Amino acid sequence: MRTQQRIMVVFGTRPEAIKMAPLVRQLKKTEGIETILTVTAQHREMLDQVLDLFELTPDHDLNVMKPNQSVSQITTNVLLGMEKVLTAEKPDRILVHGDTTTTFASALAAFYQKIPVGHIEAGLRTYDRYSPYPEEMNRVLTGHIADLHFAPTIRNVNNLLAEGVPAAKIHQTGNTVIDALLDVAAKPFAFSEETLKDIDFDGRRVITVTCHRRENLGEHMEQIFSAIRDLSYNFTDVEVIYPVHMNPRVREIADRILRGVERVHLIEPLGYQPFVNLMARSYLIITDSGGMQEEAPALGKPVLVVRRETERPEAVEAGTVKLAGTNRDTIYRMAAELLTDQAVYDQMAKAVNPYGDGQACQRIVRVLMENGEEYHEF
Ligand code: UD1
Ligand code: UDP
């Protein structure tokens, strides 16, 4: 009988890397588990920023990123690449995260070789198959493949139970993003980026913006960026900091509508440590990111989510996140209210943390140890 459980962790994009990095570290510290790290590199530069920060060196790198890649290209290349890696490594289980195409295609590749799949950040749902697109379907399909489901919140657990997943296979752990956030936010930090070094964070109100979702590309993104331009024209004490996602389709719209606008700073994607510190020093956050809806409430920062729905309603219920949609006038009105009405602002700017206590990785590893006891010598 083998003494070690061989667990392969697979991820490919920036948010997966941020949320899986603390888990990889925890696994590597655990006796009885051998950890293999495979990155698909669905993202390249934005992934490498995270690998560098958490000092992770992948054992396998599929390097699949192509400029302007289609979802079919990613799926095919990940599926074929993972087939080779899984055949060579024969892990006892793989762990995937969330809802990207890396997540789904890696889970499928493991299923084809009858390798069990653990799904981290399981059970989030909008129940709209085209929003977020293709993430809602990626997450549902991955859930069907997985035999262990690590759900951040009780709502996520209940979603899975309602879909017929046996209770014994679901573990409520909190979200590993809080593990990552607490680790990074605790460290002393000073900005080295020129733009950020020059911002007077005490005298000015900073709005941090990010936007990248596929369903927002085109008309919706034009509306969102127009609202931000209107805000910067009308509120002269505001600085907008927008680290632009590397997707060329996002960059084209951001350049066209926001480049050169006074008080709007379009900058390159930030490493996770500067970005967390930027959020912590911001007045307000406007975003369509999933992960930032979990991080910003923990930092006590109001968030306007520029989407029509969210699979993360917990912080909306707690009052720190509002769904602003993608209409220019509505976004402007909601942001302007937060910039002018202190009572409305104070109501939103409270630290709440429905997504975890920073111990999610420990809980996940404990379950993996219990589940993998057949690999241990007694
Ligand atoms: C992907 C995920 C999305 C996740 C997001 C996080 C899918 C279908 N989408 O979306 O769920 O929320 O990542 O950011 O899985 N690019 C670079 N360098 C990078 C990263 C991206 O140049 O480091 C450019 C490439 O031209 C690439 C494009 O961005 O083709 C889009 O990347 P892709 O992974 O296809 O989709 P995202 O929109 O980033
Ligand atoms: N983030 C970062 N640098 C940036 C912008 C975002 O490190 O310039 C972090 C952010 O804190 C969050 C994650 O990246 O943890 C969000 O990634 P993204 O918006 O790409 O994906 P999503 O959360 O929508 O899946």
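General remarks:
- For the chain: rounded, prolate or oblate by the Cα gyration tensor [a/c cutoff 1.5]: prolate
- Globularity ratio of the stretch 60-171, using Cα Rg and 2.2 N^0.38 Å: 1.07
- Three-way shape label, the stretch 318-378, alpha-carbon gyration tensor, a/c 1.5: prolate
- Computed lengthening from residue 327 to residue 204, 0.36 nm per intervening residue step minus Cα-Cα distance: 41.7 nm
- Between 302, 22, 134, the Gaussian network model of the chain with springs among Cα atoms under 10 angstrom shows the greatest mean-square fluctuation at 134.
- Between residue 84 and residue 367, the FRET efficiency from the beta-carbon distance, with R0 = 22 Å, is close to 0.15.
- Spacing of the two label points (7 Å from each Cα toward its C-beta) at residue 133 and residue 31, in nm: 5.3
- Protection proxy ranking, highest mean first, for peptides 210-219, 196-205: 210-219, 196-205, where packing is the per-residue count of other beta-carbon atoms within 10 Å, averaged.
- Think of it as helices only: each DSSP H run of n ≥ 4 in the chain is worth -39500 (n - 2.57), and spread over all residues that comes to -13500 deg cm²/dmol at 222 nm.
- Karplus (6.51, -1.76, 1.60) ³J(HN,Hα), θ = phi - 60°, over the stretch 266-273, in Hz, Gly and Pro reported as x: 8, 10, 6, x, 8, x, 5, 5
- Whole-Å distance, taken between Cα centres, linking the stretch 64-84 and the stretch 138-191: 25
- Charge dipole of the chain about the Cα centre (unit charges at C-beta), most positive-ward option of 254, 64, 145: 145
- Between the Cα long axis of helix 328-340 and the first principal axis of the chain there is an angle of about 80°, rounded to the nearest 10.
- For the stretch 171-245, alpha-carbon Rg and Dmax in angstrom: 16.4, 48
- From phi via Karplus (6.51, -1.76, 1.60), per-residue ³J(HN,Hα) for the stretch 122-130 in Hz, x at Gly/Pro: 8, x, 6, 8, 9, 6, 10, 5, 9
- Highest-MSF residue in the chain out of 13, 142, 126 [GNM, Cα springs under 10 Å]: 126
- Working ranking of peptides 65-78, 31-44 by packing, defined as the average number of other Cβ atoms within 10 Å per residue, highest first, is 31-44, 65-78.
- Shown for 292, 46: other C-beta atoms within 10 Å of each C-beta, ranked fewest to most, produce the order 46, 292.
- Three-way shape call for the stretch 51-92 based on the alpha-carbon gyration tensor, with the a/c threshold at 1.5: oblate
- Between the helical axis of 14-28 and the longest alpha-carbon principal axis of the chain there is an angle of about 40 degrees.
- Rounded to 10°, Cα long-axis angle of helix 135-145 versus longest principal axis of the chain: 10
- The stretch 5-50 - convex hull of alpha carbons, volume per residue in Å³: 52
- Proximal aspartates and glutamates to residue 66, defined as alpha-carbon separation beneath 13 angstrom and excluding residues fewer than eight positions away on the same chain: 45
- Among 193, 295, 136, the largest mean-square fluctuation in a Gaussian network model of the chain (Cα springs under 10 Å) belongs to 193.
- Highest mean first, the peptides 266-274, 360-368 sorted by other C-beta atoms within 10 Å per residue fall in the order 360-368, 266-274.
Every number here is computed from the coordinates shown, using simple stated rules; none is lab data. This one's a predicted model, so the numbers in the text were calculated from it and none came from an experiment. Because the Cβ atoms are built from the backbone with ideal geometry, glycine has one as well, and the counts that use them run over all protein chains shown.
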